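Enquirer: Take this structure first; my questions come after.
Read-outs throughout are calculated quantities, based only on the coordinates presented, and are distinct from any laboratory measurement. Remember, predicted model here, so these are calculated numbers, not experimental data. Glycine also receives a Cβ, built like all others from the backbone with ideal geometry; neighbour counts cover every protein chain displayed.
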Amino acid sequence: MKTLTLSYYPWITQHITPDELRRWVNDFATELQDQLTAIAGTPHFVQVQQPVEVPRQIEMIVSGQSHIALMNPLGYVFARARQPVVEAIAVALREIDGKVGPTYFAQLYTHKRTAIRFDDAKGIAVARGKSIGYGLPYSTSNFLIPAYHLADKLAIHPFAFFSRAEFIGGHETVAKAVYEGKVDIGAGHDGVIKDLARQYGFGDAEERLVQIARSQPIVSDPIAVHLPSAQDRAQLLEALLATAKTPRGAEALLRFWGMVKGLEPLAPNAYALLETAMKRLGLTEQDVLR
């Protein structure tokens, strides 16, 4: 029997318990191994590893300790830069603006009472000297792309323009901080305000919080592999796509990966935007993973 290891990070989705998250990832792995066994013609076992934070997940996929990794985009960029054998072969499909596709976007948002806007000079003037909350330094939509949007599209320094810029620790945490007035501006993915509105005590979030900037499209989360054999990669991709179409696989994706609607093939170099953003902001891997 051939064993493949699979890694994931604990905040791959929010608002579910670690035990529930693991159960759905295990369901996905079980369906994947069944599909892979049928396609390859030899028994396969997909072993789900314990959840690890992104820096450790990068180390694991680079070293080959993980064969398959459910990654965030920036984590994959760093992994591939270290080890070109690591390839993204599939991408998560999400429903954005009523359409299912391989991209999503980041947003900057504020509480309506601040009067901050990024679409006119008066609103930008109000924003000067206010505070901004990012999530994790190695998050794509919780930091990198919103910061890049500020610098490249709005000519606003993502740190120096504000009286305070801090990393708060995740999409939900940032959204709560903006809602409660602890920071004036928050960074997050496209659905962060709606996600907050589903939580007890924050049901009016969509009335209180407002989007003030939206990024260009970002390629969604990848499934990366460390498999030197082209045949193994091809068979795994076929198995992943088949898994996403089965009842058990589709339900698992929906549950553990933030309402993912399916998978499709992905070119390994699909994340050039993130490399551009890192260069524009003068950041290195060591800066954001330290």
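Enquirer: Could you count how many Lys pairs in the chain have their Cα atoms under 16 Å apart, skipping same-chain pairs fewer than 8 positions apart?
Expert: Counting lysine pairs in the chain gives 11.
Enquirer: Please list 3J(HN,Hα) in residue order for the range 118-130, calculated via the Karplus relation 6.51 cos²θ - 1.76 cosθ + 1.60 where θ = phi - 60°; whole Hz, with x for glycine and proline.
Expert: Rounded to whole hertz, the list is 10, 9, 8, 4, 5, x, 5, 4, 5, 5, 4, x, 7.
Enquirer: For the range 6-115, which GluC sites (Glu not before Pro) are both in a DSSP coil and crowded by at most 15 other Cβ atoms within 10 Å?
Expert: Of the GluC sites (Glu not before Pro), the ones in loops of the range 6-115 whose Cβ has at most 15 other Cβ atoms within 10 Å are Glu53.
Enquirer: Check His44: other-chain or 5+ apart residues with amide H under 5 Å from its amide H, H built from backbone geometry?
Expert: Lys2, Thr37
Enquirer: Projected area of the range 213-290, taken from the Cα convex hull and averaged over every viewing direction, in nm²?
Expert: 7.4
Enquirer: Contour minus end-to-end for Ala267 and Asn26, with contour as 0.36 nm per residue of separation and end-to-end as the Cα-Cα distance?
Expert: Separation in residues times 0.36 nm, less the Cα-Cα distance, equals 84.1 nm.
Enquirer: Residue separation times 0.36 nm, minus the C-alpha to C-alpha distance between Tyr200 and Arg233: what's the value?
Expert: Length gained, Tyr200 through Arg233: 7.6 nm.
Enquirer: Using 7 Å Cα-to-Cβ label points, what is the Lys122/Lys99 separation (nm, one decimal)?
Expert: It is 3.4 nm.
Enquirer: Along the charge dipole of the range 1-82, which of Val48, Met60, Trp24 sits closest to the positive end, that is, farthest toward it, with unit charges on the beta carbon of Lys, Arg, Asp and Glu (+1, +1, -1, -1)?
Expert: Comparing the listed Cα positions along the dipole, Met60 ranks first.
Enquirer: Report the Stokes-Einstein translational diffusion coefficient (µm² s⁻¹, integer) for the chain, Rh taken as the Kirkwood radius over Cα pairs, at 25 °C with viscosity 0.890 mPa s.
Expert: 125
Enquirer: Name the long-range amide H neighbours of Val183: under 5 Å, sequence gap of 5 or more, or other chain; modelled H, no Pro or chain starts.
Expert: The list, which skips near neighbours in sequence, is Val178.
Enquirer: Here's something else I'd like to know. Under the √(5λ) rule applied to the eigenvalues of the Cα gyration tensor, what semi-axes describe the equivalent ellipsoid of the range 106-214? Give them in Å, descending.
Expert: Taking √(5λ) for each eigenvalue gives 20, 15, 12 Å, largest first.
Enquirer: Under DSSP H, which helices of the chain have Cα atoms covering 20 Å or more of the helix axis and a Kyte-Doolittle average no less than -1.0?
Expert: 18-40
Enquirer: Helix-only estimate, please: 222 nm mean residue ellipticity of the chain, summing -39500 (n - 2.57) across DSSP H runs of length 4 or more and dividing by its residues, to the nearest 500.
Expert: For the chain, the value works out to -11500 deg cm²/dmol.
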